[in-house]
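A quick write-up on the structure given underneath.
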Amino acid sequence: MSIFNMRSEVPKHIQGISCDAKNCVYHDGDNYCTANKINVGPTYATSSSDTVCATFKEKKI
């Protein structure tokens, strides 16, 4: 087994995407999202207050 496989990988965040949802499993502790991709909607949104992050998953403690 190589040393690369033995160390923990630090999740990378999505460049340019900040996140204030500290109770999301993808929140990295520094207000960044570590999901592979995000989905924001709904399609009928007319302002930022109408949108939600559909990628959000609650962090179980």
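The values are calculated or read from the model by the stated rules, or taken from the named source; none is laboratory data. Just so it is clear, the model here is predicted, and its values are computed rather than measured. Backbone-built Cβ (ideal geometry, glycine too); neighbour counts: all protein chains shown. Just so you know, the surface numbers come from the protein's heavy atoms only, side chains and all, with ligands and any DNA or RNA stripped out. Shrake-Rupley method; radii C 1.70, N 1.55, O 1.52, S 1.80 Å.
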Flag if residue 54 is exposed (fewer than 12 other Cβ atoms within 10 Å of the Cβ) and either closer than 24 Å to residue 12 by Cβ or modelled with pLDDT of 95 or more (or both): yes
Pairs with Cβ under 8 Å, 6+ apart, first in the range 15-33 and closer than 18 Å to residue 61 by Cα, second of a type in the set (Phe, Trp, Tyr): 21/56; 24/56; 26/56
Whichever residue in the range 26-51 is open to solvent by less than 90 Å² (accessible area, probe 1.4 Å) and among the acidic types (Asp, Glu) and, among such residues, is nearest to residue 14 (Cα to Cα): 28
Subset of the range 25-53 [part of a loop (DSSP other than H, G, I, E, B), more than 15 Å from the chain's Cα centre (by Cα) and of a type outside the set (Gly, Ala, Ser)]: 42, 43, 44, 46, 51
